[in-house]
There are 2 protein chains.
Amino acid sequence: MQIEVLRLGHRLPRDERISTHVALVARAFGASAITYSGQHDSGLELSVKRICESWGGEFTISYDKSALAVMKQRKRDGFTIVHLTMYGLALPDVLPDIMPQDKLLVVVGSEQVPREIYELADFNVSVTGQPHSEVAALAITLDRLMQGKEFGLDLKGKLSIIPSAKGKNVRER
Amino acid sequence: MQIEVLRLGHRLPRDERISTHVALVARAFGASAITYSGQHDSGLELSVKRICESWGGEFTISYDKSALAVMKQRKRDGFTIVHLTMYGLALPDVLPDIMPQDKLLVVVGSEQVPREIYELADFNVSVTGQPHSEVAALAITLDRLMQGKEFGLDLKGKLSIIPSAKGKNVRER
């Protein structure tokens, strides 16, 4: 399964850290790319590229000012669009319909998501139906799509962690 | 199982939104309380209280300037301390030892976590060993502890969502 993420409506400085978390979760949980719309932010791109340089992965980040254009293009490329929103259908209920898809674009919103996004999405999906965090919703969704295999991913970075009960053990190769 | 969360080293304005997301994930994923250390932030407390007023739940937020004091007190109260850190042991490996515990304090860090936190924790636990997000790490950990039951929680709020394939359907009671 190929998974890409689309982050809607990035705003500066408000979303700097949340969008960085969204991108790093996408990378660590098995997505291959993130595109973001809203305001262009070379700092966000640099942060993500630096993490990839040190910690590995083929993950890419790119900007497109039109989220709708990205969604329409990905539909033409054969992607199924999963839009995460607290108003959507419960993830466990729709997961059986999403799992057989080959290519997924997972869309995570910001404050106000335009109506057209809901219409263009193949699935509007909620993680609990409570207000919480697009970072958490993305993590839980990718965890389910990956069936927990994000715990075994080897991103072949220059740096990697050797799990430790008390300390900090970083391997450099 | 009773679950509380401790958020370390809250900094203003840098952590405003991330700490809010941490608190809302704690609430939505079945924790009963969050304590935060670092800088006092009445805006953070107000945001979380407003969500609880509208969306329900017995969830509480409180501030303590000493994270170590909170951890020591919770240990005396019979809590097992699970500190989330990318350097720790993999969650799936330690989950069987954590699940039988009655009372858990899940600790989520900020930039630099002092040595003593690692020492005081009963478990230092990582969610993938990759740099990503304390919001995501908390969500995945609570999801595993709750065994996915966060999807069925009824927080009995004035507002709740009726899941919907395309629209926004909010019930007011």
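Just so it is clear, none of the values below were taken in a lab; they were calculated from the coordinates. Source: prediction; values computed, not measured. Neighbour counts run over all protein chains shown; Cβ positions are idealised from the backbone, glycine included.
For residue A:168, a cut-off of 18 angstrom between C-alpha atoms picks up these lysines, skipping any fewer than 8 places away in its own chain: A:158. Sparsely packed loop sites in the stretch B:91-136 (the GluC sites (Glu not before Pro) outside DSSP H, G, I, E and B with at most 14 other Cβ atoms within 10 Å) comprise B:111.
For the stretch B:17-141, averaging the sequence separation of C-alpha pairs within contact (under 8 Å, six or more residues apart) and dividing by the residue count gives a relative contact order of 28 percent. Put a plus charge on the Cβ of each Lys and Arg, a minus charge on the Cβ of each Asp and Glu, and nothing anywhere else: the dipole of the stretch A:2-172 about its Cα centre is then about 460 debye.
Each listed q (0.15 Å⁻¹) maps to a log10 I(q)/I(0) for the protein assembly as shown from the Debye sum over equal C-alpha point scatterers, namely -1.36. For the protein assembly as shown, the dipole from Cβ point charges (+1 on Lys and Arg, -1 on Asp and Glu) about the Cα centre works out to 300 debye, to the nearest 20. Ordering A:31, A:106, A:69 by the projection of their Cα atoms onto the charge dipole of the stretch A:2-172, which places +1 on the Cβ of Lys and Arg and -1 on the Cβ of Asp and Glu, puts A:31 at the extreme positive end. Taking every residue in B:146-158 and counting other chain Cβ atoms within 10 Å of its Cβ, the average works out to 2.
For the stretch A:1-91, trypsin sites (Lys or Arg not before Pro) are listed when DSSP marks them as loop and at most 11 other Cβ atoms sit within 10 Å of their Cβ; the list is A:65.
Pairs from the list A:149/B:65; B:103/B:149; B:65/B:149 with a Cα-Cα gap above 29 Å: A:149/B:65; B:65/B:149.
Once the mean of 1/r is taken over each pair of separate Cα atoms and inverted, the stretch A:22-101 shows a Kirkwood hydrodynamic radius of 14.4 Å. Which of the aspartates and glutamates could a cross-linker span from residue A:75 if the Cα-Cα distance has to be under 19 Å and same-chain partners fewer than 8 positions apart are dropped? By straight Cα distance, residue A:75 reaches A:4, A:64, A:97, A:102, A:116, A:119, A:122.
Among B:94, A:43, B:21, pick out the residue whose Cα is farthest towards the positive end of the charge dipole of the protein assembly as shown, where Lys and Arg carry +1 and Asp and Glu carry -1 on C-beta, about the Cα centre. Farthest towards the positive pole: A:43.
Straight-line cross-link partners of residue A:156 among the aspartates and glutamates, defined as a Cα under 13 Å from its Cα and at least 8 positions apart when in the same chain: A:53, A:58, A:172.
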